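Down below is the structure, laid out as structure tokens.
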Amino acid sequence: MADCGLLDRIVMGFTRQTITIPTHSPRRFARGKVIKGCCSTPVAGINNAVRKKSRYGLAGKCLVLLFLGLVSILAGAAPPQRVVSLNLCSDQLLLMLADPEQIASVSHLAREETSSFVASRAKEYPANHAQLEEIITLQPDLVLTVPYTNPRLITALQHLGFNLYPLTLGNHLHEITSEIERLAIRLGQKTRGKAVVDEMLQRIASETEHSELNRPSALFYQPRGYTSGTNTLQNEALKLAGWRNSAAENGLQGYGQISLEKVILSQPDILITSAYGKLSNSLAEQILSHPVLFRLMQDQPRLEIPYKYWICPGPMLAEAVSLLREAKKLK
Amino acid sequence: MSHLIGQGLCFKKSGQTILKQIDVHIDQGEVLGLIGPNGAGKSTLLRLLAGVAEPDQGRLTLAGKPVSAFTPKQRAQRIAYLPQLSEIAWPMSVERLVALGRLPHLEHWQQPTTEDMVLIETVMRQTDLIPFRHRAYNTLSGGEQARVQLARALVTEADILLADEPVSALDPAHQLDVMTLLSAYCKTGHAVIIVLHDLALAAHFCTRLQLLHQGATLAEGSVESVLSDQHLETAYAIAINSSDKQMQHPFSLPWRRIERDELT
Amino acid sequence: MISQKQLNLSLGLLLVGAMLISLLTGSQTIPLYQAIEESFTGLNGVYGIILTELRIPRTLVAILAGASLGLSGAVMQSLLRNPLASPGLVGSASGAALGAVATLYFGLASLSSLALPMGGIAGALLATLTAYLLAGRDASPLTLILAGVAVNAFALALVSLLLNLAPSPYAVQEIALWMLGSLANISRNELLILLPGTLAGWLLMWRQGHHLDLLTLGEETATSMGVQLIKLRWRLFLAIALAVGSAISVTGSIGFIGLVIPHLIRPLVGYQPSKLLIPSALGGALLLLMADIGVRLIPLTTEIKVGVITSLLGAPFFLWLILNQRRREA
């Protein structure tokens, strides 16, 4: 597909979207140059037909577009062959679900051991830094984004007609599994997607305790006194593993700071830290070794769960639940 | 035996020789007047005696012992110094400032005792400071401030008081007061070395004079011998008009203090 | 006009009152009586833990640091015979922060528990000496302030630089803690490492009251009355570096206390330097403790820095100074 003109890719992209008359600038159609025989997709022929038929006026054009849309849907769109992922969370899922040939590039973040579960595999693919020029050069037919990808980048990509797939980052199990399945379908890997989800659910099911009684309480305690309340991955993992989340019980939503006095009064049964890399020297990190915490927890060892489990939703949640379940058994 | 002796004192500053081999001595009961033109080295000599500066050469003996045998505090108890110009840092009341003069006699935790307070009271009366006792120092006139400084020096009851032009800023009445006071101070077993420019005052109140000229002693001894016309002409490069010569304008010499109620 | 004794007594009583309020203030309400009971019985009651591990250390550090700052300000102003001098003005505060930052973020603090305050002390000493040498022996107030401005600017720039170079990812954002000061999450450890330098500093300042009084009369007169000027300066600069350096290495640089407190109290003690020392210490402790109580009472999730409150007091104070000055000149 490399020798196709930009115009053709745009038109092809356009025909795969829902059947709406594009509001893009009509300049594209006015470019005029006839490109013969460069594209190998079935749509190419229709492409040329569209241009030829333009002599027949606006009504004629609309009819052809409608027809193209229907054909698209009926024929079943082919799975993307050049997927570019801009973010760690989409990288990990992409590497888990797609065939190696489908992947055009993953973000540079996927290569970092401290935060990525797919670091070694990610090194086999070109790395991108979510820069517009990079992405265009890679010529993707699908670009995976996340909610906090630079909005201007997203708008630019949309204007240029690239296919975007915005990944939803859920904090609840059902959200995570449905998103995995949805992405798998989009990548044309429905079976693999289902397999990943099944494995994940199986693992969690074997560990999950549904009983609400006699749950010990846990508290995440991070540098600067940050903790995780409701609607976080940490909270979900704790719930599934049979713990109570002290921070959530204190009314915290999302991530936030908790004062030491509140920590003491909550009297959690376990403190969990998730250090990002090695602990270095700073006032923020010093709070983790505050004497009052040792006094409170007596000699109970703190549970350490690597931070990478909490960066992105995905199958790694099951592993986190296992770790938490193990800790619970010791209680 | 003299109480304070300086022998062969030399002092240089920025390469310039200020004092050349000066000898000076003072004994109980004496009022030694240091006179001489500006730049003769009078203030510097006083500073050496007070311990504010170190002589490049020479010896200082106090009560028979070298001055170095005394701790700074002991020295401060025996020698009081009143410099010419003094910048007072804080707007303290007159009473408090004068009381500072007793500090060389107090231990670090001590407050002035009743005896101290009585002495302070007496000195303030003698220097006519009672009406100003609670006034802030910086609200006083130049003359009043000079009296406060003197009171502070007197209150130390040091054996020797070194005063650098203490009366220059004062009006004639107060000048007479201060000089009378200093004379009385000496009669009670103390000594005073005073730098003066007013030759008439020097003649009236000093028991001995030392005339300095260009860092050396030009004349030293009784008032009559030092205040000869020849010495004064050499030192000051001025012609002296002694009292028996003709005068073209009135000559007024302040002589004695009278109380205001004597006038009526 | 109240006497020295009355002044010290009133300040002392106010301080005790503030201490009680401080023990009762925190992000959670705890029953004080029960907390005290629990601390004494040695059981691990949560109220007792909060009291002994969090509130008491915090209160004591506030008192010690505030006293050091007030006392050092009084000493500095009396020594330099300048009512605008303060540990902050001539650079001791930012120097101490620099020394502490250099020690903490680069792992030196872990070598010994006293390494951090020693870093602060060294930094404070270096900064004061630099400012003093820059300004010269007989510096006018203007020259001294300018020298202090230069040293402060340089030290602050270095603090920023070091925080950027530090290995920890959290370092850069902590500059606010060092520049504005904070007593949040103070523990027993901070209290213990603060003590040696603070007490050593106070000890060196003790018994120097009379010398400072004599300096009022001018340097020459003071020398003639037994004050050894060079010795006195070195001793007091070292004392200030010890006390202020230790305090700031733990709390960060808290401004205005060393300037405002001696200034306000001086007229109440008849402008006499020796009588200024103890009330300034008490006043400084009181001010810092009350500012810290204020910080804890303001209902924000992130505690604001205590230096913000002292600065909010300091700015109007300067305004009042200016207005006073204008009125006096008019």
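The values are calculated or read from the model by the stated rules, or taken from the named source; none is laboratory data. The structure presented is a predicted model; accordingly, all values stated were derived computationally and were not measured. So basically every Cβ, Gly included, is an ideal-geometry build from the backbone, and we count neighbours across all protein chains shown.
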> When residue C:213 is evaluated against the numbered criteria (1) away from chain B (no Cβ under 14 Å); (2) buried (at least 23 other Cβ atoms within 10 Å of the Cβ); (3) among the charged types (D, E, K, R), which criterion, by number, is the only one it fails?
Replying inline: (1)
> Quick one: which of C:287, C:276, C:259, C:238 is within 13 Å of chain B (Cβ to nearest Cβ) and not β-branched (Val, Ile, Thr)?
Replying inline: C:276
> Can you name every residue in region B:13-42 that is under 18 Å from the mean Cα position of the chain (by Cα) and among the small types (Gly, Ala, Ser)?
Replying inline: B:29, B:33, B:36, B:39, B:40, B:41
> Are any residues in region B:63-78 of a type in the set (A, V, I, L, M, F, W, C) and either closer than 22 Å to residue C:74 by Cα or within 7 Å of chain C (Cβ to nearest Cβ) (or both), and if so, which ones?
Replying inline: B:76
> Within the group A:265, A:213, A:240, A:279, which residue is touching a residue at least 24 places away in the same chain (Cβ under 8 Å), at negative phi and of a type outside the set (Asp, Glu)?
Replying inline: A:240
> Just checking, which of B:233, B:165, B:224, B:220 is under 20 Å from residue B:3 (Cβ atoms) and either surrounded by fewer than 17 Cβ atoms within 10 Å (Cβ to Cβ) or at pLDDT 90 or above (or both)?
Replying inline: B:220
>> Can you pull out every residue in region C:1-41 that is in contact with a Phe, Trp or Tyr (Cβ under 7 Å, 6 or more places away or on another chain) and either in a helix (DSSP H, G or I) or loosely packed, with under 14 Cβ neighbours inside 10 Å (or both)?
In response: C:31, C:34, C:35, C:38
>> Among the residues of region B:23-45, are any buried (at least 18 other Cβ atoms within 10 Å of the Cβ), within 14 Å of another protein chain (Cβ to nearest Cβ) and touching a Ser or Thr at 6+ places or on another chain (Cβ under 9 Å)?
In response: no
>> I'd like to check which helices (runs of 4 or more DSSP H) are fully inside region C:194-305 and have at least 1 residues that are small (Gly, Ala, Ser) and in contact (Cβ under 8 Å) with a residue 40 or more places away in the chain.
In response: C:209-215, C:229-251, C:257-265, C:273-297
> Out of region A:286-305, which residues are more than 8 Å from chain C (Cβ to nearest Cβ), surrounded by fewer than 17 Cβ atoms within 10 Å (Cβ to Cβ) and in a loop (DSSP other than H, G, I, E, B)?
Replying inline: A:299, A:300, A:301, A:302
> Does residue C:61 meet the test of being among the hydrophobic types (A, V, I, L, M, F, W, C), within 13 Å of chain A (Cβ to nearest Cβ) and touching a helix residue (DSSP H, G or I) at 6+ places or on another chain (Cβ under 6 Å)?
Replying inline: no
>> Just the residues that are within 20 Å of residue A:242 (Cα to Cα) and of a type in the set (D, E, K, R), please, taken from region A:260-277.
In response: A:269
>> Can you tell me which of (1) surrounded by 14 or more Cβ atoms within 10 Å (Cβ to Cβ); (2) within 12 Å of chain C (Cβ to nearest Cβ); (3) in contact with a helix residue (DSSP H, G or I) (Cβ under 6 Å, 6 or more places away or on another chain) is the one residue B:149 doesn't meet?
In response: (3)
> Looking at region A:221-261, which of its residues are within 14 Å of another protein chain (Cβ to nearest Cβ) and over 22 Å from residue A:169 (Cβ atoms)?
Replying inline: A:221, A:223, A:224, A:225, A:246, A:250, A:251, A:257, A:258, A:259, A:260, A:261
> Looking at (1) within 14 Å of chain C (Cβ to nearest Cβ); (2) within 24 Å of the chain's Cα centre (by Cα); (3) crowded, with 19+ Cβ neighbours inside 10 Å, which is the one condition that is false for residue A:321?
Replying inline: (1)
> Pick from region B:80-102 the residues that are facing another protein chain (nearest Cβ under 7 Å) and within 20 Å of the chain's Cα centre (by Cα): which of them is nearest to residue B:122 (Cα to Cα)?
Replying inline: B:100
> When you go through (1) in contact with a strand residue (DSSP E or B) (Cβ under 7 Å, 6 or more places away or on another chain); (2) surrounded by fewer than 21 Cβ atoms within 10 Å (Cβ to Cβ); (3) within 29 Å of residue C:23 (Cβ to Cβ) one by one for residue A:255, which number turns out not to apply?
Replying inline: (3)
>> I'd like to know if region C:180-202 contains one or more residues that are within 27 Å of residue C:288 (Cα to Cα), within 14 Å of chain B (Cβ to nearest Cβ) and of a type in the set (S, T, N, Q).
In response: no
> Counting only residues that are within 8 Å of another protein chain (Cβ to nearest Cβ), out of contact with any Pro (no Cβ under 6 Å at 6 or more places or on another chain) and not in a loop (DSSP other than H, G, I, E, B), which one in region A:262-285 is nearest to residue C:102 (Cα to Cα)?
Replying inline: A:283
> Got at least one residue in region B:67-82 being of a type outside the set (A, V, I, L, M), in contact with a Leu (Cβ under 9 Å, 6 or more places away or on another chain), under 18 Å from residue B:25 (Cβ atoms) and crowded, with 23+ Cβ neighbours inside 10 Å?
Replying inline: yes
>> For region C:216-235, give me the residue count where each residue is of a type outside the set (A, V, I, L, M, F, W, C), within 14 Å of chain B (Cβ to nearest Cβ), under 27 Å from residue C:282 (Cβ atoms) and surrounded by fewer than 22 Cβ atoms within 10 Å (Cβ to Cβ).
In response: 1
> Which condition number does residue C:41 fail, the rest of (1) over 30 Å from residue C:12 (Cα atoms); (2) free of Cβ contacts under 8 Å to residues at least 12 places away in the same chain being met?
Replying inline: (1)
